[in-house]
């Protein structure tokens, strides 16, 4: 995905500059127009003129931060506090610096007479499109407090779902890092100390011992090569994952891998149902709601399936049909959606579907953790066992030689 610099003007003729990420130049132009701007100049950023993103030095805005922000806004608005005064109070009491700056910008926009949604849209890296669309719908229908309340619930449930998935993913990574550290310590300190005992003895070392000793000597003398290789591998994986081929490969692996595939499917179904239900409840048309929902899905194949479903819905095809045709979602997803379409209660069916799959994600996460824990322990035991066996083998050979004397 490339980064494009642009100069654009709004309906009032005010000029603004910025950058946007998109797959193609036309897609970038379309995204700018969707924000109510007319692009005057648009070009892809090169390596030398690429924007320096100072946001990396700022505290990241978490989903829970947005949930608290929405909850506080609802409380103030229902207490009779004006939108402008509510934003001013939120600026004062928001602890996250990045969120506070975005709230300040929204406050200044509303102070100038701009709609709240338009003011919040100026901080796209803080306020997601999902929230902007909900606020737009809330302003149009006069139910801004309901829009923020629904988004607070959406963020809370998304945060819980995200936490469960991260918990499942972090555990094997931590165990793998610990295993690498243990191996390095054993090869660098433990093995040399033991091997020094046999240096002056005329003992034929087993092949496994010679291999471990060679690895130990390499670690001591050429450790920087090992570090460089590890950093290069991590860097390559991070870079490759961002490429179209790499993204597709990782997305396919997330679906096909045992244990992980079930979690990916159920979490995508839960996010689809919850987000789409929230959008429809705000009165957003189905095609637009499906498009917004697609942008919230992390897995490439599920995201593309929803984008294709959006095109089908635009042609008057019920959503349940493309969901069934893509073959990615469980039968319950498109069956419940079809029932909602036939009865006119799509929003209600999606709510029930979201509740069900959010519970399923929790169960799937617990099952994954239960399977990974013994598996990772066995792998660590096997690695450490090989090294310990290599150290003990010469001692066994020495004792056997003493018994034969």
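The values are calculated or read from the model by the stated rules, or taken from the named source; none is laboratory data. Here the structure is a predicted model, which means the values were calculated and not measured. With ideal geometry, Cβ positions are generated from the backbone for all residues, glycine too; neighbour counts draw on all protein chains shown.
Does the range 318-335 contain any residue that is buried (at least 20 other Cβ atoms within 10 Å of the Cβ), in contact (Cβ under 8 Å) with a residue 60 or more places away in the chain and assigned to a helix (DSSP H, G or I)? Looking for residues that are buried (at least 20 other Cβ atoms within 10 Å of the Cβ), in contact (Cβ under 8 Å) with a residue 60 or more places away in the chain and assigned to a helix (DSSP H, G or I), one finds at least one in the range 318-335, hence yes. Taken over the range 35-68, the residue count meeting the criterion of being under 16 Å from residue 17 (Cα atoms) and either part of a loop (DSSP other than H, G, I, E, B) or at pLDDT below 75 (or both) is 9. Of the helices (runs of 4 or more DSSP H) contained entirely in the range 105-207, those carrying at least 1 residues that are buried (at least 17 other Cβ atoms within 10 Å of the Cβ) and within 26 Å of the chain's Cα centre (by Cα) fall at 116-120, 129-141, 144-185.
Among the conditions (1) modelled with pLDDT under 90; (2) within 30 Å of residue 156 (Cα to Cα), the only one that residue 207 does not satisfy is (2).
Residues being surrounded by fewer than 19 Cβ atoms within 10 Å (Cβ to Cβ), closer than 17 Å to residue 365 by Cβ and free of Cβ contacts under 8 Å to residues at least 40 places away in the same chain: count how many of those fall in the range 256-310. Looking only at that region, the number is 4. One residue stands out among those in the range 373-405 that are modelled with pLDDT under 70 and in a helix (DSSP H, G or I): the one that is surrounded by the most Cβ atoms within 10 Å (Cβ to Cβ), which is 397.
Given the criterion surrounded by fewer than 17 Cβ atoms within 10 Å (Cβ to Cβ) and either in the same structural domain as residue 270 (by TED's automatic domain parsing) or assigned to a helix (DSSP H, G or I) (or both), identify the matching residue among 313, 363.
Details: 313 fails: surrounded by fewer than 17 Cβ atoms within 10 Å (Cβ to Cβ).
None of the others qualify; the one that does is 363.
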